[in-house]
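Colleague: Provided herewith is a single structure, encoded as structure tokens, for subsequent inquiry.
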Amino acid sequence: MTAAFAAGLAQAQEIGLTAAQRKALGIESAVVSSSAQRPEASQFTGQVIIPPGGSFPVTSPFDAVLIENLAVPGFAVEAGRPIARLYSPDYEASQTELETRRLTAEHMAELAERAEALGALGLRSREEIEEARHEATAAALEFTTSQRSLSIVRAGAGTGEFDLLARRSGEVAQLLVQPGASVARAQPVLLLTSGDEFWLEIPVSETIAEHLDVGMTVGLVSSGRTGEIVATSPEIDPITRSVNVYVALPEGGRWRVGQLIDAQFTAASNQRGVSVPARAIVRFGNDTAVFVDRTDGVELVNVNILSQNRSFAMVTGDLEPGDEVIVSGLAALKNIVEAG
């Protein structure tokens with residue numbers, strides 16, 4: 001039966017099906033409607049993301065072990081607030097090293113001052129004075145570097161324990177390490193975000209992307225508010241043949257990273273096509289198609305996707321309102337096509 005189906009498809013893009021075969025393959029269909037009947041078909045579904053520069057990691061200055069997180073995702077923190085507790089034997093050593101470098105810097109500064117005073121009396125050469133100044137500067141830099149690396153931590157309750165501090169105010173976006181896990185030096189422990197700027201990443205069809213420009217307004221269906229296009233990817237996804245469009249979401253919304261939002265593009269609503277259920281779309285490499293239910297079987301019809309959301313897709317192709325497209329049993333039909 002499969003060979004016969006494949007042969008028929010190769011000649012006419014049609015697969016003959018009996019009632020028994022339909023039942024065995026689980027074939028179900030849905031009616032094609034006009035885009036006017038399904039205005040939601042001109043929508044695209046995007047995912048909320050943090051824009052570039054909108055997040056910053058909080059890192060450990062030592063090789064350590066995370067004892068516990070002191071904040072949870074969504075928690076607002078102020079700069080200087082403890083957000084994680086860690087343990088590292090290097091912490092105690094760094095405290096000693098910091099004090100040593102402080103004393104060294106003070107000593108070198110005193111020697112430089114003495115050298116300058118003796119130089120004024122003619123008891124030190126210019127070279128000796130310059131060398132003393134250089135050593136004092138180097139010692140001061142080493143102390144400042146050590147001091148800066150420890151400015152993001154404070155001593156904990158136990159030996160070797162320290163609290164990691166937020167370097168700036170923000171909102172905890174993600175915990176990157178679980179308690180008990182090792183943390184390498186400079187490894188991010190958690191991710192903070194400004195909490196007031198979010199983008200929507202929306203994959204749109206090539207056809208629609210051609211009509212989109214930075215600065216265009218985008219309707220956000222669920223909230224009734226609008227966003228603005230800030231960037232359009234120059235690349236086309238080789239599998240989905242879609243282009244990623246980035247939309248800045250309005251401030252004040254309760255946006256969550258990973259949230260799915262339907263967006264309406266004016267360019268999409270102006271395109272003429274028919275609406276089909278999104279689950280009717282089948283991909284063959286770079287091509288998209290639907291299986292149309294005919295009297296004696298099903299016909300494979302290539303389509304061009306103008307827009308698509310989670311429920312419907314607006315397409316162009318050899319389809320008319322009232323046609324029926326297959327929405328169940330597609331895997332079996334696709335296998336038959338690919339086998340041919």
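Colleague: Are there any pairs with C-beta distances below 6 angstrom linking a residue in the range 120-139 that is part of a loop (DSSP other than H, G, I, E, B) to a residue that is open to solvent by less than 90 Å² (accessible area, probe 1.4 Å), with the two at least 6 apart or on different chains, and if so which?
Modeller: ARG124/ALA115; ARG124/LEU118
Colleague: Given the structure, is GLY253 in contact with a Leu (Cβ under 9 Å, 6 or more places away or on another chain) and under 30 Å from GLY16 (Cβ atoms)? It would help to see each step written out before you state the result.
Modeller: Numbers: in contact with a Leu (Cβ under 9 Å, 6 or more places away or on another chain): yes; under 30 Å from GLY16 (Cβ atoms): no.
Taking the combined requirement at face value, the residue does not satisfy it.
Colleague: Taking THR240 as meeting all but one of (1) modelled with pLDDT of 85 or more; (2) touching a Pro at 6+ places or on another chain (Cβ under 9 Å), write down the number of the exception.
Modeller: Result: THR240 fails condition (1) only.
Colleague: Let me ask you something else. Based on what the data block shows, is LEU212 in a strand (DSSP E or B), hydrophobic (A, V, I, L, M, F, W, C) and buried (at least 16 other Cβ atoms within 10 Å of the Cβ)? Explain how you work it out, then say what you get.
Modeller: Working: in a strand (DSSP E or B): no; hydrophobic (A, V, I, L, M, F, W, C): yes; buried (at least 16 other Cβ atoms within 10 Å of the Cβ): yes.
So LEU212 fails the test.
Colleague: Of all the residues that make up the range 310-330, how many are more than 19 Å from LYS23 (Cα to Cα) and either touching a His at 6+ places or on another chain (Cβ under 7 Å) or surrounded by fewer than 22 Cβ atoms within 10 Å (Cβ to Cβ) (or both)?
Modeller: Keep residues of the range 310-330 that are more than 19 Å from LYS23 (Cα to Cα), which gives 310-323.
Checking which are either touching a His at 6+ places or on another chain (Cβ under 7 Å) or surrounded by fewer than 22 Cβ atoms within 10 Å (Cβ to Cβ) (or both) leaves us with 310-311, 316-323.
Of the residues in that region, 10 qualify.
Colleague: Can I ask one more? Taking only the range 226-255 into account, find how many residues are farther than 30 Å from ASP287 by Cβ and loosely packed, with under 13 Cβ neighbours inside 10 Å.
Modeller: Keep residues of the range 226-255 that are farther than 30 Å from ASP287 by Cβ, which gives 226-228, 230, 248-255.
Adding the requirement that they be loosely packed, with under 13 Cβ neighbours inside 10 Å leaves 251-252, 254.
Counting residues in the range 226-255 that are farther than 30 Å from ASP287 by Cβ and loosely packed, with under 13 Cβ neighbours inside 10 Å gives 3.
Colleague: With PRO57, PRO73 as the choices, which residue is in a loop (DSSP other than H, G, I, E, B) and within 30 Å of VAL245 (Cβ to Cβ)?
Modeller: Numbers: PRO57 fails: in a loop (DSSP other than H, G, I, E, B).
Selected residue: PRO73, the only one of PRO57, PRO73 that is in a loop (DSSP other than H, G, I, E, B) and within 30 Å of VAL245 (Cβ to Cβ).
Colleague: Related question: Residue pairs, Cβ under 8 Å, 6 or more apart or interchain, first in the range 94-107 and of a type in the set (Val, Ile, Thr), second assigned to a helix (DSSP H, G or I) and surrounded by 13 or more Cβ atoms within 10 Å (Cβ to Cβ). List them.
Modeller: THR104/ALA139; THR104/GLU142; THR104/PHE143
Colleague: Please go through the range 158-178 and pick out each residue that is open to solvent by 10 Å² or more (accessible area, probe 1.4 Å) and over 22 Å from the mean Cα position of the chain (by Cα).
Modeller: GLY158, THR159, GLU161, LEU165, ARG167
Colleague: Would you tally the residues in the range 137-157 being out of contact with any strand residue (DSSP E or B) (no Cβ under 7 Å at 6 or more places or on another chain), modelled with pLDDT under 90 and open to solvent by less than 50 Å² (accessible area, probe 1.4 Å)?
Modeller: 2
Colleague: Another one. From the residues in the range 40-54 that are surrounded by 21 or more Cβ atoms within 10 Å (Cβ to Cβ) and not in a helix (DSSP H, G or I), which one is modelled with the lowest pLDDT? Talk me through it step by step, then tell me what you get.
Modeller: In the first step, residues of the range 40-54 are kept if they are surrounded by 21 or more Cβ atoms within 10 Å (Cβ to Cβ); the result is 41-44, 46.
Right, trim to not in a helix (DSSP H, G or I) and you get 43-44, 46.
Working: GLN43: 77, PHE44: 83, GLY46: 93.
Here the residue is GLN43.
The values are calculated or read from the model by the stated rules, or taken from the named source; none is laboratory data. These numbers were taken from a predicted model, which means no experiment stands behind them. Virtual Cβ from ideal backbone geometry, glycine too; neighbours counted across all protein chains shown. Side chains are part of the model used for accessible areas, which takes the heavy atoms of the whole protein and leaves out ligands, DNA and RNA. Shrake-Rupley method; radii C 1.70, N 1.55, O 1.52, S 1.80 Å.
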